[in-house]
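Please read the structure below before turning to the comments.
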Amino acid sequence: MLSVDAWFYIYFAIGAVGVFLIGYGIAKKTQKQDSGFSFILLMSVVLFAALTYWFNGAAREVLMGTLPWLINLIFGGVLLIVFLTGSKMIFKRI
């Protein structure tokens, strides 16, 4: 059985891939990279907020300490920034 923080990163990766593919499809269909990236930006922030809310409850259920909880959220925020930066760089090449 995987730990709660492992599920946090699995859900993060699934959400990132899904949001990127939809945003890429929007950019290709509308021929506007800004609209595709705007979708990625908006949805990734919304999904990260929802994931943070879920992680807060799940971490409480397994009695995770404050420091591991905080480190996971900070690292998740850094991953979100890396994801958005990488997406913007990919969209500049399209």
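The values are calculated or read from the model by the stated rules, or taken from the named source; none is laboratory data. Fair warning: this is a prediction, and the values are worked out from it, not measured in the lab. All Cβ positions, even for glycine, are placed from backbone atoms using ideal geometry, and neighbour counts span all protein chains on display.
Let's see how each residue does on (1) in contact (Cβ under 8 Å) with a residue 12 or more places away in the chain; (2) loosely packed, with under 12 Cβ neighbours inside 10 Å; (3) out of contact with any Leu (no Cβ under 9 Å at 6 or more places or on another chain):
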position	(1), (2), (3)
Gln31	no, yes, yes
Ala49	no, yes, yes
Tyr53	no, yes, yes
Leu63	no, yes, yes
Thr66	no, yes, yes
Gly77	yes, no, yes
Leu84	yes, no, no
Phe91	yes, no, yes
Next item on the list: Please tell me if Ala58 is among the small types (Gly, Ala, Ser), in a helix (DSSP H, G or I) and in contact (Cβ under 8 Å) with a residue 12 or more places away in the chain.
Entry: yes
Next item on the list: State which residue is farthest from Lys88 (Cα to Cα) when the search covers only region 1-14 and only residues that are surrounded by fewer than 17 Cβ atoms within 10 Å (Cβ to Cβ) and aliphatic (A, V, I, L, M).
Entry: Met1
Check: Looking only at region 15-29, which residues are surrounded by fewer than 12 Cβ atoms within 10 Å (Cβ to Cβ) and closer than 17 Å to Val82 by Cβ?
Finding: Val17
Note to self: I need every pair where a residue in region 10-26 that is in contact (Cβ under 8 Å) with a residue 12 or more places away in the chain has its Cβ under 6 Å from the Cβ of a residue that is hydrophobic (A, V, I, L, M, F, W, C), sequence separation at least 6 or different chains.
What the structure shows: Tyr11/Leu51; Gly15/Leu47; Ala16/Phe83; Val19/Ile40; Val19/Met43; Gly23/Phe39; Gly23/Ile40; Ile26/Phe39
Checklist line | region 1-53, subset within 23 Å of Met64 (Cα to Cα) and small (Gly, Ala, Ser), residue modelled with the lowest pLDDT | finding: Ser3
Notebook entry, point to check: Residues of region 1-34 being in a loop (DSSP other than H, G, I, E, B) and basic (Lys, Arg), which ones?
Noted result: Lys32
Checklist line | Options Tyr24, Tyr11: the member that is within 14 Å of the chain's Cα centre (by Cα) and not hydrophobic (A, V, I, L, M, F, W, C) | finding: Tyr11
Checklist line | Given (1) in contact with a Ser or Thr (Cβ under 7 Å, 6 or more places away or on another chain); (2) assigned to a loop (DSSP other than H, G, I, E, B), index of the condition Phe37 fails | finding: (2)
